[in-house]
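Some notes on the structure that comes next.
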Amino acid sequence: MNLNLVKNIGPKTEKMLNKINIFSVEDLLTYYPYKYNIIKFVDIDKTLNNETSYILATIISNVKISYIRNNFNKLSFIALNNNIHFNVVIFNRAFLKKQLIINRKIVLVGKYDKLKNVFSASNILFNIINNRIEPIYHLTDGIKNNHLENYISEAIKLNCVIDDFVPDIFNKKYNLLSKQNAIKLIHQPKCIVDIKMSKLKLIYEELFIYMFKVNYLKQINQSAFGVAKTIDLNFIEEFLSNLSFKLTIDQDKVIKDILNDMQNAKRMNRLVLGDVGSGKTIVAIIALLANYTSGFQGAFMAPTEILAKQHFESIINYFENYSINVKLLTGSLTKKNKEKIYDELKNGKIDIIIGTSALLNSSAIFSNLGLVITDEQHRFGVNQRSLLQGKDSMQKCDALYLSATPIPRTLALTIYGDLSLSQIKTKPSMRKKIITKIIDEKNIKDMLYKMISELKCGHQMFVVSPLIEQNDELDINSVYLLKEKLSRAFKNKAIIEILHGKLKQKEKDELMIKFEKGEIDILISTTVIEVGIDIPNATMMIIYNAERFGLATLHQLRGRVGRNNLQSYCYLITNDLNNARLKVMEESDDGFFISEKDYEQRGQGDLFGIKQSGDLIFKIADFNRDYKILMQAKKDSEYYLEQLLYKENPLYKDIIDKINFLD
């Protein structure tokens, strides 16, 4: 159903909802809260300093508006609660003036300064009852939480039919809610039990679908035959001996696993989990080289154009003394250049092709595809996991998947159950440990001095924020606000630029090229720089509002520096100095240890800010937090497959049809 069917959603609102991937009524209904507030009114004299409170108050004066500067105003008035008069101030709410009339009862949300007798409000609510459970959603600029809540409430009234993917046998076995009820209660809970029951249903559904796909692929892979490749091992040895560095023990072992797989008649489906900076790229290059010596074409797919270009340049350098034809295929190429590459691919003139999802285009036809490598494979999802592999008309192509997301081995064996698993834990010896420090946001003087010191040495740095633009309801530094602050701090002497997901691909690429060339000193960014960007001259990673990021994301971000033999630093800026998760980052740079600690520490309420599964994008499920449900979904999906029950369910027939590389 189209969004314009929902009351109060017009073209402008629809565009804003599109920014958070809401394009239909179903998307809106399945945009779940990430936490809840219990609205409990307190009297003004019983509030605590620096603690957000809900005050039921009566307006007793006319409202005044002060315009401080363009697009920034202050609204103030006097209110009454429990026979106490107090001043109220709230910023950028001039549009509320007509609603704030004398004697009207309102609910103020914010903090009360008893000495100044001033209540600094972050929000003003109307017609709110005491002890209400308020759902809290991730927002985008222009949409406030209460607006989104209202849109969802109107969508629920439409009684839109949403498919229930949990088979009847398991709905009955676990006494799960219907999908319709679960969606209603997760958005409009009356009690804590409503939240628990709706979450159980929706989490189980997501994990069951995922494990069904994994187990289905596992069935196929177990019976999939490939081609036993004849590899020139002497050629490989010669290549290794000419490298300017020595491989680590783990790299050696993984390469042996891969070569054994490729020489076996069973089709290779192997995942290499390697920590940030552990050297997965050289492993992939050797696999491509081995595939080339056996007379087959190879393809290497990366999730972003920036990363694809970096891999292309790296591979070209490694193969400069060999007559191997390597080409790059990305979405930004002209139609003429793409057609030329398609023609060369089809005629077998290209030995190795590096690219983005442009490689999945139906025009990309291979002459003799023997190996597919997918970098950061979790970014492509289960349905795409082997789409490129399907470009081999004989369906015998080997597949290698790389991931820099370290997760506990037991979890990896579950969620990647259709793949053989290798891990690279040891890191190249020439790299120094990144010094990591937790810094109070109110005391960043020493960090600023360190930044100046590194800039004087000609080094570059990353600064990361969770937000692109400022949001009054969130106490977070946006990338634009940080640029203002840092420009003032360095008196405009450092060249500072901003990179974020809303920029066009061309703009992102131009910024990264400038940064690579050293034309930018400080790159302020969102997490778009989390994976793959390699800037050897970058020695500092500064992450603002670090408590809002998961450990996996923090570790990935930290891995963007320390890419050479220079001492590098990571500063975690926060208002929460006692955060146990952040202290793990100070203690260790071992991604696998960090993932284990993350698994131990995280609880039901720990999903705050950026979602942290670190792997696949779920709307509500989380592998670590929901591990027990995941294991049950694994067991149930195996039974569902073994008993062939899915053949009677059109929803699961459709899922299988979409895994179209298994024809």
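The values are calculated or read from the model by the stated rules, or taken from the named source; none is laboratory data. All values reported here derive from a predicted model rather than from experimental measurement. A quick note on method: Cβ atoms are made from the backbone with ideal geometry, for glycine too, and the neighbour counts reach across all protein chains shown.
Have a look at S453, S422 and point out the one that is among the hydroxyl-bearing types (S, T, Y), within 20 Å of F515 (Cα to Cα) and either touching a residue at least 12 places away in the same chain (Cβ under 8 Å) or surrounded by fewer than 18 Cβ atoms within 10 Å (Cβ to Cβ) (or both). Sole residue among the options that is among the hydroxyl-bearing types (S, T, Y), within 20 Å of F515 (Cα to Cα) and either touching a residue at least 12 places away in the same chain (Cβ under 8 Å) or surrounded by fewer than 18 Cβ atoms within 10 Å (Cβ to Cβ) (or both): S453.
Return a yes/no flag: does the range 625-645 have any residue that is of a type outside the set (A, V, I, L, M), surrounded by fewer than 19 Cβ atoms within 10 Å (Cβ to Cβ), at pLDDT below 90 and under 19 Å from K201 (Cβ atoms).
First pass over the range 625-645, keeping only residues of a type outside the set (A, V, I, L, M): 625-628, 632, 634-640, 642-643.
Imposing the further condition that a residue be surrounded by fewer than 19 Cβ atoms within 10 Å (Cβ to Cβ) reduces the set to 627-628, 632, 635, 638-639, 642-643.
Now narrow it down to the ones that are at pLDDT below 90: 627.
Add one more test, that the residue is under 19 Å from K201 (Cβ atoms), and what stays is 627.
Checking the range 625-645: at least one residue is of a type outside the set (A, V, I, L, M), surrounded by fewer than 19 Cβ atoms within 10 Å (Cβ to Cβ), at pLDDT below 90 and under 19 Å from K201 (Cβ atoms).
Figure legend. Inter-residue proximity from the range 575-592: first residues over 16 Å from V276 (Cβ atoms), second residues in a loop (DSSP other than H, G, I, E, B) and of a type in the set (K, R), beta-carbon distance below 9 Å, spacing 6+ or different chains. Indicated pairs: N575/K442; R581/R602.
Checked against (1) within 21 Å of A308 (Cα to Cα); (2) modelled with pLDDT under 75; (3) surrounded by fewer than 20 Cβ atoms within 10 Å (Cβ to Cβ), H378 passes all but a single condition, namely (3). Of all residues in the range 621-638, those satisfying the criterion of being within 24 Å of Y32 (Cα to Cα) and among the basic types (K, R) are R625, K628, K634. Listed by first and then second residue, the pairs with beta-carbon distance under 7 Å, at least 6 apart or on different chains, first residue in the range 493-510 and closer than 21 Å to M16 by Cα, second among the charged types (D, E, K, R), are L499/K508; Q505/E305.
Counting the residues of the range 165-215 that are in contact with an Asp or Glu (Cβ under 8 Å, 6 or more places away or on another chain) and of a type in the set (F, W, Y) gives 3.
Tell me, which residue of the range 88-144 that is surrounded by 15 or more Cβ atoms within 10 Å (Cβ to Cβ) and of a type in the set (S, T, N, Q) is nearest to I39 (Cα to Cα)? Looking at the filtered set, the residue picked out is N123.
Would you say E26 is surrounded by 13 or more Cβ atoms within 10 Å (Cβ to Cβ), assigned by TED's automatic domain parsing to the domain that holds S120 and closer than 30 Å to K196 by Cβ? Step through it out loud before you land on a result.
Working: surrounded by 13 or more Cβ atoms within 10 Å (Cβ to Cβ): yes; assigned by TED's automatic domain parsing to the domain that holds S120: yes; closer than 30 Å to K196 by Cβ: yes.
When the stated conditions are applied, E26 passes them.
Test of understanding: among D615, D589, D598, D576, which residue is at pLDDT 70 or above, on the phi < 0 side of the Ramachandran plot and either among the small types (G, A, S) or buried (at least 19 other Cβ atoms within 10 Å of the Cβ) (or both)? Reasoning before the result, please.
Values: D615 fails: at pLDDT 70 or above; D598 fails: at pLDDT 70 or above; D576 fails: either among the small types (G, A, S) or buried (at least 19 other Cβ atoms within 10 Å of the Cβ) (or both).
Going through D615, D589, D598, D576 in turn, the sole match is D589.
Entry remark, the range 14-41: residues being part of a strand (DSSP E or B) and among the hydroxyl-bearing types (S, T, Y) number 1 in total.
Scanning the range 256-279 for residues that are closer than 26 Å to T414 by Cβ, among the basic types (K, R) and at pLDDT 95 or above turns up at least one hit. Might you check whether a residue that is among the basic types (K, R), closer than 23 Å to I535 by Cα and touching a strand residue (DSSP E or B) at 6+ places or on another chain (Cβ under 9 Å) occurs anywhere in the range 330-343? There is no residue in the range 330-343 that is among the basic types (K, R), closer than 23 Å to I535 by Cα and touching a strand residue (DSSP E or B) at 6+ places or on another chain (Cβ under 9 Å).
Looking only at residues that are in a loop (DSSP other than H, G, I, E, B) and of a type outside the set (A, V, I, L, M, F, W, C) in the range 113-134, which one is nearest to H147 (Cα to Cα)?
Filtering the range 113-134 down to residues in a loop (DSSP other than H, G, I, E, B) leaves 114-117, 126-131.
Next cut, of a type outside the set (A, V, I, L, M, F, W, C) only: 114, 116-117, 127, 130-131.
On the way: K114: 31, K116: 32, N117: 30, N127: 14, N130: 20, N131: 20 Å.
Ranking the candidates gives N127 first.
Among the residues making up the range 304-333, those that are part of a loop (DSSP other than H, G, I, E, B) and at pLDDT below 90 are T304, N321, T330, G331, S332, L333. I'd like to know if the range 223-234 contains one or more residues that are touching a residue at least 12 places away in the same chain (Cβ under 8 Å), surrounded by 17 or more Cβ atoms within 10 Å (Cβ to Cβ) and in a helix (DSSP H, G or I). Checking the range 223-234: not a single residue is touching a residue at least 12 places away in the same chain (Cβ under 8 Å), surrounded by 17 or more Cβ atoms within 10 Å (Cβ to Cβ) and in a helix (DSSP H, G or I). For the range 557-567, the tally of residues that are surrounded by fewer than 24 Cβ atoms within 10 Å (Cβ to Cβ) and either of a type outside the set (A, V, I, L, M, F, W, C) or under 16 Å from the mean Cα position of the chain (by Cα) (or both) stands at 4. Scanning the range 455-477 finds one or more residues that are assigned to a loop (DSSP other than H, G, I, E, B), of a type in the set (D, E, K, R), at pLDDT below 90 and touching a Lys or Arg at 6+ places or on another chain (Cβ under 7 Å).
Quick one: would you say Q395 is at pLDDT below 85 and touching a Cys at 6+ places or on another chain (Cβ under 7 Å)?
Spelling it out, it is not the case that Q395 is at pLDDT below 85 and touching a Cys at 6+ places or on another chain (Cβ under 7 Å).
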